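Taking it in order: structure first as structure tokens, then the write-up.
The values are calculated or read from the model by the stated rules, or taken from the named source; none is laboratory data. Given the structure is predicted, the values throughout are model-derived calculations rather than measurements. Please note: Cβ atoms are built from the backbone with ideal geometry, for glycine as well, and neighbour counts cover all protein chains shown. Areas reflect the complete protein model, heavy atoms only, side chains present, ligands, DNA and RNA absent. Shrake-Rupley method; radii C 1.70, N 1.55, O 1.52, S 1.80 Å.
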Amino acid sequence: MVKRKAASSWVKVFNQNLAALTRNTRRAQTRTAKAVVKQAKAKTKQPPATPGDWLSGMAIGPGGARRYRLYRPPDLQSGERLPLLVMLHGCGQDAAGFALSTRMNALARRERFLVLYPEQDRLASAQRCWNWFDTRSGRAHAEVSLILAAIDQVCLMHPVDRACVALAGLSAGASMAALIASRHPARFKAVVMHSGIAPGAADSTATALAAMRGHRLPAPWSPSPGQTLLPLPALLVIQGERDAVVAASNGAAAAGVWALAGGASAGERRSQQRGQRHPMHVTDFKHRGRTAVTLIDVGQLGHAWSGGAANQPFSDAQGPDASRMVWAFVSRQFATTKRPGPQTARPAPASRNPFFTHPFFFNPFKLPSEAFA
């Protein structure tokens, strides 16, 4: 009798636990379903309606898989080949949000070029930051391979002029764009860094934070082992002078180290202002008549896409139109289709770091204050 009662109590407890487990499982499934629906809805976010195609795809490489979006202008003609601009978003953004902020698709429709928006995954970074700095572990290079895989896929499946491909990015996207271009210079005609940090300034999270504060200099550029020494693609740097996330001195540092690699010297710094937009200062670095680097310092601009759409994150509608400046710069590089051949490396004197002997940016972090007035 006692055994029957004990068995009955055990069965009762078991059934209660089973019922509780079932309820919790159903709740978890409901929460998961709601999260999936919410995520699916978020992924359907569209940039402003622009005639043309807004296509999705996925690239697979050593670092896993990454989604991407591609804008393709309408009315493609048979045999037509269009330039490709690769846009890398910043932290806290995705492909659709970056397209919304920059309004690059509308410009691509008018000027007739393709725009590729690779998208960072939250599993790789909770804030969707490209891991441009993590070269020590190899994660940065794995993401470089993924982005190159996306570019190759788009070039294979769409009418891309492979001789006219350029990179542009904001913040972490700018740093990743520069890293890709420095490792694969033959593949790109131009690169644009908006509020980013030059390659070689960091190799870990701690050093990246120090670089963002302006406490680290990028190392002088040199080709990777086994890489043929080719000229770096032309660089446009856009930097806000009131950037509280990436110190303004990083813009000068990126321009200086890139110019040094190409043997370019700084020209006269000139001031410009368009209407009521924020003023800017422009410096061209040239070598034998060719502009290797253009540095644009935008007064009153914080950590935001200059001239971007109003009411969008990381976007300042009062700044000069960065999207137009990006296209004007890269299209000039596309006009020169002949690629220069390999050059013989000229090692710097061992006694001095050549970065600090540059005629203009001998130390970008100690420029006189009037240089940013």
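Per-residue HN-Hα couplings for segment 234-247, Karplus 6.51 cos²θ - 1.76 cosθ + 1.60 at θ = phi - 60°, whole Hz, x for Gly and Pro?
Once θ is set to phi - 60°, the couplings for segment 234-247 become 4, 10, 10, 10, 10, 9, x, 6, 10, 6, 8, 9, 10, 3 Hz.
In terms of modelled amide H atoms, which long-range or inter-chain residues lie less than 5 Å from the amide H of V160?
Here the answer is L82, since their amide H atoms fall under 5 Å of that of V160.
How much accessible surface area, in Å² rounded to 10, belongs to the heavy atoms of I151 with a 1.4 Å probe?
0 Å²
Relative to the present Cα-Cα distance, how much length would full extension add between A335 and N311 at 0.36 nm per residue of separation? Don't jump to the answer; show the numbers that get you there.
Values: separation 24, 0.36 × 24 = 8.64 nm, distance 3.50 nm.
So the chain would gain 5.1 nm between A335 and N311.
Compute the relative contact order of segment 155-262 as a whole-number percentage, counting only Cα pairs closer than 8 Å that sit 6 or more residues apart in sequence.
27 percent
Solvent-accessible area per residue for segment 94-188 at a 1.4 Å probe radius, Å²?
32 Å²
Using r as the Cβ-Cβ distance of S204 and Q77, and R0 as 51 Å, what FRET efficiency do you calculate, to the nearest 0.05?
Once the sixth-power term is evaluated, E becomes 0.55.
For Q300 and S222, FRET efficiency with R0 = 30 Å and r from the beta-carbon atoms, rounded to 0.05? Walk me through the numbers on the way to the answer.
On the way: r = 36 Å, r/R0 = 1.21.
Here the calculated transfer efficiency is 0.25.
Please calculate how many Å² of accessible area segment 255-315 carries per residue, with a 1.4 Å probe and no DNA, RNA or ligand atoms counted. Intermediate results must be reported in sequence, preceding the final value.
Values: 2770 Å² over 61 residues.
Per-residue accessible area for segment 255-315 comes out at 45 Å².
Contact order normalised by length for segment 153-209, with contacts defined as Cα pairs under 8 Å and 6 or more residues apart; what percent is it?
Dividing the mean separation by the residue count of segment 153-209 yields 33 percent.
Test of understanding: what is the full-extension gain from A186 to R213, defined as 0.36 nm times their sequence separation minus their Cα-Cα distance?
Here the segment from A186 to R213 would lengthen by 6.6 nm.
Estimate the FRET efficiency between R324 and R162 by the formula 1/(1 + (r/R0)^6), using the beta-carbon distance for r and 25 Å for R0, to the nearest 0.05. It would help to have the intermediate numbers written out before the result.
Numbers: r = 25 Å, r/R0 = 0.99.
Efficiency, from the Cβ-Cβ distance: 0.50.
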